[in-house]
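Student: Submitted below is the structure of interest, expressed as structure tokens.
Only the coordinates and a few stated rules stand behind these numbers; no lab work does. Not measured: the values here are computed from a predicted model. Cβ: placed from backbone, ideal geometry, glycine included. Neighbour counts: every protein chain shown.
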Amino acid sequence: MEEHVAVVGGGQAAAALAIRLRTKGFRGRITIYGDEPWAPYQRPPLSKKYLSGEWKRERLLLRSPSYWSDNDIDIRAGCAVTSLDPVRRTLGRGDDLVGWTKLALTTGASPRPLPSWLSNLENVCELRSLYDAERMQRHFRKGRRLLVIGGGFVGLETAAVAAEAGLRVTVVESAARILERAVCPATSEYFRRLHYAKGVRIVEGCAVRRVVGGPVREAELTSGERLETDLVLVGIGVLPNVELAARAGIETRDGILVDEHGRTSAADVWAAGDCARFPLCGELIRLESVQNAIEQAEAVADDILGEAAPYAPVPWFWSDQYDAKLQIAGWNRGYTEVVACETDRGLSNWYYREGRLVAVDSINDARTFMVAKKLLSQGINVDPSKLTDQAFDPRSLLP
């Protein structure tokens, strides 16, 4: 029987997994089933280069159309999988059943459901897919007023692009500060000041209570303030797409649960990317990043090929806002101390948990970011007292 690896989900992780299988000599069938009507494409540029019009759709594609056909990887775009049977090893698309020998779930994540009073309104947008970006582009005009609900990375990146395009932007964040779940107060403060300098207003510790009109003309905040607006972007986070796995009896808990090899609770079924919850740093976590989508998918491909190796990454993330590039290395959850370091190259914030380095934020300082990744991957600690010494170079600690 010919081996058939079916990949459910058509994003970055799906592409990385299929490419890895072929690159390492897998000769069986590979089929990618994606909900969207496009071949796998990059998502991070949607809130940056694509929304601004700097990139065209073709540049988003992870590979040219000919790559997939030349490598005998079957892309079934716009082809939603509606059911799975891990016992019979079939997947369903409507009434059509397809057999597989090994299955990878790369179903990603979707924006949190909007409250009913924000749903199905013409000028209320989300920004997770190419469709979302193109829908938002139709409203993106100089002089218009944009209300961004949510001060996370997508909201702030979109605010930056909008401000540079001449829109008047207000960001409303219900938490005490922007980027609260992702970075320390000092990094939040840097980006708050940057946005203020570019004319973006940021309202923290406040939420939108209701909106008026359809399309929305006005938003009322919990403070009582009323904001006139022409366009609303909602960026309040995402939820992992686990419904298909859960219906098939595969174990889920805020993600599809996998072990250090990406294996699920079902035989010959793996998961990778934004949908997967896996063990790292002594806890079960999900990583919503391009880095994780690629590297975890490649680890799954290796495991499918019988080349098992535990997946234990040093997480890293990035965000571009105006001319500032934030690069994060490590996993800062549970930090107990942050030490700021400023050099002629840029700024960095070093996170410690009980005296042990766990993560570093670097702003316009690529060298520090690269050094931090190496230090963390090799388990090398940095004495926090040395960071305040202008003559200290962390590279000196590397072998």
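Student: Could you calculate the contour length gain from Ala77 to Arg112, that is, 0.36 nm times the residue separation minus the distance between their Cα atoms, to one decimal place in nm? Let's see the in-between values first.
Tutor: Details: separation 35, 0.36 × 35 = 12.60 nm, distance 2.36 nm.
Extra length from Ala77 to Arg112 when fully extended: 10.2 nm.
Student: Determine the dipole magnitude for segment 282-399: charges of +1 sit on the beta-carbon of Lys and Arg, -1 on that of Asp and Glu, nothing else is charged, the reference point is the Cα centre, and the result goes in debye to the nearest 20. Present the calculation step by step, with values, prior to reporting the outcome.
Tutor: Working: 11 positive and 18 negative charges, 48 e Å.
It works out to roughly 240 debye.
Student: Do the sum for the chain: with -39,500 (n - 2.57) for every DSSP H run of n ≥ 4, divided by all residues, what is the mean residue ellipticity at 222 nm, to the nearest 500 deg cm²/dmol?
Tutor: Numbers: 9 runs with 87 residues, N = 399.
Helix contribution divided over all residues of the chain: -6500 deg cm²/dmol.
Student: With the chain treated as a Gaussian network of Cα nodes joined by springs under 10 Å, which of Thr31, Thr90, Thr336 yields the largest mean-square fluctuation?
Tutor: Thr336
Student: Classify the chain from the C-alpha gyration tensor, please: rounded if a/c falls under 1.5, else prolate or oblate depending on whether a/b exceeds b/c. Before the final figure, lay out the partial values.
Tutor: Values: a/c = 1.88, a/b = 1.18, b/c = 1.60.
Oblate is the answer for the chain, as a/c is 1.5 or above yet b/c matches or exceeds a/b.
Student: If I take R0 = 22 Å and measure r between the Cβ atoms of Asn381 and Leu284 in this structure, what FRET efficiency does the formula 1/(1 + (r/R0)^6) give, to the nearest 0.05?
Tutor: Values: r = 25 Å, r/R0 = 1.14.
So, using R0 = 22 Å, E works out to roughly 0.30.
Student: What distance in nm lies between label points placed 7 Å from Cα along the C-beta direction at Asp85 and Leu97?
Tutor: Label-label distance for Asp85 and Leu97, simple model: 0.3 nm.
Student: Mind checking which of Thr23, Thr252, Thr229 has the largest fluctuation in a GNM of the chain, springs on alpha carbons under 10 Å?
Tutor: Largest GNM mean-square fluctuation: Thr23.
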